[in-house]
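The values are calculated or read from the model by the stated rules, or taken from the named source; none is laboratory data. It should be emphasised that the depicted structure is a prediction, and the values quoted were computed from it without experimental measurement. All Cβ positions, glycine included, derive from the backbone under ideal geometry; neighbour counts span all protein chains shown.
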């Protein structure tokens, strides 16, 4: 019995279509796998080493030396414990991002540098930042050292009058700064970055 030419032609046509489909699937998978990660913050196109926090100390008394975290990712934030809204919201979002990351979150170090040294003692900073996550660190120092640190990171600080109940306020640039595993400033985030998006970015920075 001979095979009909029509059957053979149809079979070959389906085989060719199957090969094409497999090829297109392979291309699609490759595009997804090798597509560059899109960060949720402003990526520094020419990253430079993170400036040292000269003269500052962590709330536990250790020098605030960022190089200690080389090989991991550091999130740097300038804020203060009497902040009515942005600071607690930002730190809470960062804490949730770390939770999303599971064990990888242990490789993310969060440092809040105070912009209010007159009121923020080391004990105050410790109580405040560890409320959001026990691993968070507060950093403080003299008013001059803190002004210098804010300046080199492009943080504007201005004391406002506030109210009788709240006391004076401190207006400041509310940026969240990501320092990569090599100690370079890589991404600057707005304070409303979503925790899951931040977690995804941090995973990418960790490699």
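Within region 96-114, the only residue that satisfies the criterion of being in contact (Cβ under 8 Å) with a residue 60 or more places away in the chain, touching a strand residue (DSSP E or B) at 6+ places or on another chain (Cβ under 8 Å) and more than 20 Å from residue 71 (Cα to Cα) is 113. When 142, 151 are checked against the criterion of being out of contact with any strand residue (DSSP E or B) (no Cβ under 7 Å at 6 or more places or on another chain) and under 28 Å from residue 40 (Cα atoms), a single residue qualifies: 151.
I'd like to check something: does region 137-155 contain any residue that is under 25 Å from residue 54 (Cα atoms), crowded, with 17+ Cβ neighbours inside 10 Å and within 11 Å of the chain's Cα centre (by Cα)? No, region 137-155 contains no residue that is under 25 Å from residue 54 (Cα atoms), crowded, with 17+ Cβ neighbours inside 10 Å and within 11 Å of the chain's Cα centre (by Cα).
Quick one: in region 33-58, which of the residues that are in a loop (DSSP other than H, G, I, E, B) and free of Cβ contacts under 8 Å to residues at least 40 places away in the same chain is surrounded by the most Cβ atoms within 10 Å (Cβ to Cβ)? Restricting to residues being in a loop (DSSP other than H, G, I, E, B) and free of Cβ contacts under 8 Å to residues at least 40 places away in the same chain, the top hit is 52. Only one entry of 182, 165 meets the criterion of being more than 16 Å from residue 47 (Cα to Cα) and exposed (fewer than 13 other Cβ atoms within 10 Å of the Cβ), and that entry is 165. Among the residues here, residue 61 qualifies as over 17 Å from the mean Cα position of the chain (by Cα), part of a loop (DSSP other than H, G, I, E, B) and either outside the structural domain of residue 188 (by TED's automatic domain parsing) or surrounded by fewer than 13 Cβ atoms within 10 Å (Cβ to Cβ) (or both).
Listed here are the residues, each with its yes/no results for (1) touching a helix residue (DSSP H, G or I) at 6+ places or on another chain (Cβ under 7 Å); (2) assigned to a helix (DSSP H, G or I).
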| residue | (1), (2) |
| --- | --- |
| 76 | no, no |
| 81 | yes, no |
| 96 | yes, yes |
| 106 | no, yes |
| 113 | yes, no |
| 131 | no, yes |
| 150 | no, yes |
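Scanning region 71-117 for residues that are modelled with pLDDT under 95 and closer than 18 Å to residue 186 by Cα yields nothing.
Taken over region 164-207, the criterion of being in contact with a strand residue (DSSP E or B) (Cβ under 8 Å, 6 or more places away or on another chain) and in a loop (DSSP other than H, G, I, E, B) is satisfied by 173, 174, 175, 180, 181, 182, 183, 190, 191, 193.
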